[in-house]
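Q: The following block contains the structure, expressed as structure tokens.
Nothing in this text is a laboratory measurement; each read-out follows from the coordinates by a stated rule. This is a predicted model, so every value here is computed, not measured. Note: ideal-geometry Cβ built from the backbone for every residue, glycine included; neighbour counts use all protein chains shown.
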Amino acid sequence: MDPRVEKLGAFIKFLESELGREVKDRLKLQKYVFIADHFGLNSGYDFSMYVRGPYSPELAEDYYRRLDVESTLPPEFRSQDFINLVKDKDVKWLEIAATVLLIYDYNRERGVSREDIIKIATKIKPWANERVNGVLDELIKSNLIRL
């Protein structure tokens, strides 16, 4: 079996165990995987910006074909830090967080300020204007963004 699919299956089992419910929302799963990669999951999926934030077509495909697997998550995955950040967050928070992280990733090499991130994020997602600051603060506190 494809190691990426095995890791996805293990990650979904981990999520369901930690969150106490089945992961059926594909949009949330996309954001969970993208954010978890920043905590060391190294899922192997490539993400691009889409309407609802970072999205991987390959991840969507694999979600549908995943089998019940007996696989473990990589030891470098900071699972508790990840869960502490995302537990009880709604889909809009996840979308904003993943979008902000992708903006940061794309612009980190050139240098990006807090103001730059907020400006770009609110241009992409004007409806999120009032939440971007708070989400950005949480990502900074979690050491996912260093400004």
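Q: Gaussian network model of the chain, Cα springs within a sub-10 Å range: biggest mean-square fluctuation belongs to which of Val51, Val132, Val33?
A: Maximum among the listed residues: Val51.
Q: Then there is this: Hey, could you get me the Stokes-Einstein D for segment 72-111, Kirkwood radius over alpha-carbon pairs, 10 °C and 1.306 mPa s, rounded to whole µm² s⁻¹?
A: Details: Rh = 11.9 Å.
Translational D for this selection: 133 µm²/s.
Q: Can you give the three extents of the C-alpha atoms in segment 3-141 along their principal axes, from longest to shortest, in whole Å?
A: 44, 27, 26
Q: Then there is this: To the nearest 10 degrees, how steeply does helix 91-107 sit against the main Cα axis of the chain, on a 0 to 90 scale?
A: The two axes meet at around 70 degrees.
Q: Place a +1 charge on the Cβ of each Lys and Arg in the chain and a -1 charge on the Cβ of each Asp and Glu, then give the dipole magnitude about the Cα centre in debye, rounded to the nearest 20.
A: About 480 debye.
Q: Of Asp25, Asp46, Asp37, which is the most mobile in a GNM of the chain whose springs link Cα atoms less than 10 angstrom apart?
A: Maximum among the listed residues: Asp25.
Q: Just list whichever of Lys24/Lys87; Lys13/Lys92; Lys24/Lys119; Lys28/Lys87; Lys87/Lys123 have alpha carbons separated by over 21 Å in the model shown. Please report the intermediate quantities before stating the final value.
A: Working: Lys24/Lys87 16 Å; Lys13/Lys92 23 Å; Lys24/Lys119 32 Å; Lys28/Lys87 12 Å; Lys87/Lys123 27 Å.
From the list (Lys24/Lys87; Lys13/Lys92; Lys24/Lys119; Lys28/Lys87; Lys87/Lys123), the Cα-Cα distance tops 21 Å for Lys13/Lys92; Lys24/Lys119; Lys87/Lys123.
Q: Can you list which of the GluC sites (Glu not before Pro) found in segment 1-87 are DSSP loop residues with at most 10 other C-beta atoms within 10 Å?
A: Glu22, Glu70, Glu76
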